[in-house]
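The values are calculated or read from the model by the stated rules, or taken from the named source; none is laboratory data. The model shown is predicted, which means the values in this text are computed figures rather than measured ones. Backbone-built Cβ (ideal geometry, glycine too); neighbour counts: all protein chains shown.
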Amino acid sequence: MQILHVNKYFPPWIGGIETIVSEITEFLQDDTHVNHVLVCQGSHATTSTETIQGVNVIRVKTWGSLFSMPLSFEFFSRFKKEMQTTDVVLLHHPFPLGFLAAALFAKKKRIVVFYHADIVRQKWVATLLAPLFHLIFARASDIIVTSNRVKEFSPHLRAYQSKCKTIPLWIHETDFDLTSQNKQMADEIRTTYGQPLVLSVGRLVSYKGYDIFMDAMKDISVHALIIGTGPLKQELLEHIRKNNLASRITILDPVQNLAPYYYAATLFVLPSITHAEAFGIVQLEAMYCGCPVVNTALKTGVPEVSLDQITGLTVPPNDSAALAQAINTILSNQEMRAKFSERAHERVLKIFSQENARTKIRQIFS
């Protein structure tokens, strides 16, 4: 079976969807599946073709971008050429360029859609492109979603419930094992920042809700670490200064190995405020390391990953008082923390393992 994976970019471009695309090609790389990837260049570089771990990766030249989407005429000619040998097209949503190419040139091919998230920031663009998306959804044999809540609440998927297959995202568990080195580093982090320690990890962008988290920290007497960078970094640092929170909140640039920070933390917070946060894979990383989670009740997969009263607490989004109360509740209850910690680790192993995802994806492409 010849599979064409279509997405905006591909590693080494850094991004959550790009990592998923790469790992799916690994899941399907065997004697019965041949994987090809068609993506855009991350810059104006010329078109290139390379083989990465047996996968043929075509990166086409782009001449600009519009609303964060790369623009390329060559993308269509390359897509059309690939259709000569392709059996199945795997489209990753949202990527309108790929959907348009499929509408034009994949009319007789099997199509599978991996639906990562709704388009949130440019709602008018989503409305404009809705007919294109629905044309492909209607043609698709399967639509992969990462949570039941995405299937339930996304307005674009209401007419296609029978096609939706839920495959939760996953982590490489061994990347987060408590090795002797990770344990030593975790001890050093505790010494530096104290205990208890509250942790959050993510890009410093508006939908992550870090301003709400910082307001919650006014009523919490322990230290919080935020690991990440992004366009709001200076604004958030100013927020810390104006509210005299420098002794309680530290923002660290991204680190290569997050495991020691998860093990050093007493609990993990995902304070996201809009459904641009479709899943929150950092929850899985924290949960595997035994961190109870405080998350928000978004109409996405976020509260489906860490369950309220089971592996942590879930609060309304955009509510700093509720967030502070949940954090303080877990910090003050050692027995609760221990139960949440144990259940969190077990939940990742049972539901969000890489092997579980591999099995389900291979079933779709069998």
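Can you list the strands (runs of 3 or more DSSP E) found entirely within region 1-77 that contain at least 3 residues being modelled with pLDDT under 90? Break it down stepwise before answering.
Details: elements: 2-6, 34-40, 48-52, 55-60, 64-66, 69-71.
Fully inside region 1-77 and qualifying: 64-66, 69-71.
A quick yes/no check of all residues on (1) of a type in the set (A, V, I, L, M); (2) at pLDDT below 95:
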position: 315; (1), (2): yes, no
position: 328; (1), (2): no, no
position: 334; (1), (2): no, no
position: 356; (1), (2): no, yes
position: 361; (1), (2): yes, no
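Select, from 46, 62, 19, 86, the only residue that is more than 22 Å from residue 278 (Cβ to Cβ) and surrounded by fewer than 19 Cβ atoms within 10 Å (Cβ to Cβ).
Within the list 46, 62, 19, 86, the selection yields 46.
Report, ordered by the first and then the second residue, all pairs with beta carbons closer than 9 Å, sequence separation of six or more or different chains, a first member in region 195-209 that is charged (D, E, K, R), and a second member that is not in a loop (DSSP other than H, G, I, E, B).
From region 195-209, the pairs are 208/200.
Quick test for you: out of 307, 313, 323, 331, pick the one residue that is of a type in the set (A, V, I, L, M, F, W, C) and within 18 Å of the chain's Cα centre (by Cα). Reasoning before the result, please.
Numbers: 313 fails: within 18 Å of the chain's Cα centre (by Cα); 323 fails: within 18 Å of the chain's Cα centre (by Cα); 331 fails: within 18 Å of the chain's Cα centre (by Cα).
Only one candidate qualifies: 307.
Take the conditions out of contact with any Phe, Trp or Tyr (no Cβ under 7 Å at 6 or more places or on another chain), in a loop (DSSP other than H, G, I, E, B) and either in contact (Cβ under 8 Å) with a residue 60 or more places away in the chain or hydrophobic (A, V, I, L, M, F, W, C) (or both) and apply them to residue 237. Does it pass? So that I can check it myself, show each step before the final result.
Details: out of contact with any Phe, Trp or Tyr (no Cβ under 7 Å at 6 or more places or on another chain): yes; in a loop (DSSP other than H, G, I, E, B): no; either in contact (Cβ under 8 Å) with a residue 60 or more places away in the chain or hydrophobic (A, V, I, L, M, F, W, C) (or both): yes.
Considered against the rule, which asks whether it is out of contact with any Phe, Trp or Tyr (no Cβ under 7 Å at 6 or more places or on another chain), in a loop (DSSP other than H, G, I, E, B) and either in contact (Cβ under 8 Å) with a residue 60 or more places away in the chain or hydrophobic (A, V, I, L, M, F, W, C) (or both), residue 237 comes out as no.
Counting residues that are of a type outside the set (Ser, Thr, Tyr) and crowded, with 23+ Cβ neighbours inside 10 Å, which helices (runs of 4 or more DSSP H) fully inside region 279-366 reach at least 1?
Values: elements: 282-288, 302-305, 320-331, 334-351, 354-364.
Helices (runs of 4 or more DSSP H) meeting the threshold: 282-288, 302-305, 320-331, 334-351.
Just to be sure I understand the filter: pairs with C-beta atoms under 7 Å, separated by 6 or more residues or on different chains, first member in region 153-170 and closer than 16 Å to residue 131 by Cβ, second member β-branched (Val, Ile, Thr) and surrounded by 20 or more Cβ atoms within 10 Å (Cβ to Cβ). Which pairs pass?
157/143; 160/143
Look at residue 57 and say whether it is buried (at least 19 other Cβ atoms within 10 Å of the Cβ), touching an Asp or Glu at 6+ places or on another chain (Cβ under 6 Å) and outside the structural domain of residue 279 (by TED's automatic domain parsing). Can you show your working first?
Details: buried (at least 19 other Cβ atoms within 10 Å of the Cβ): yes; touching an Asp or Glu at 6+ places or on another chain (Cβ under 6 Å): yes; outside the structural domain of residue 279 (by TED's automatic domain parsing): yes.
Criteria met by residue 57.
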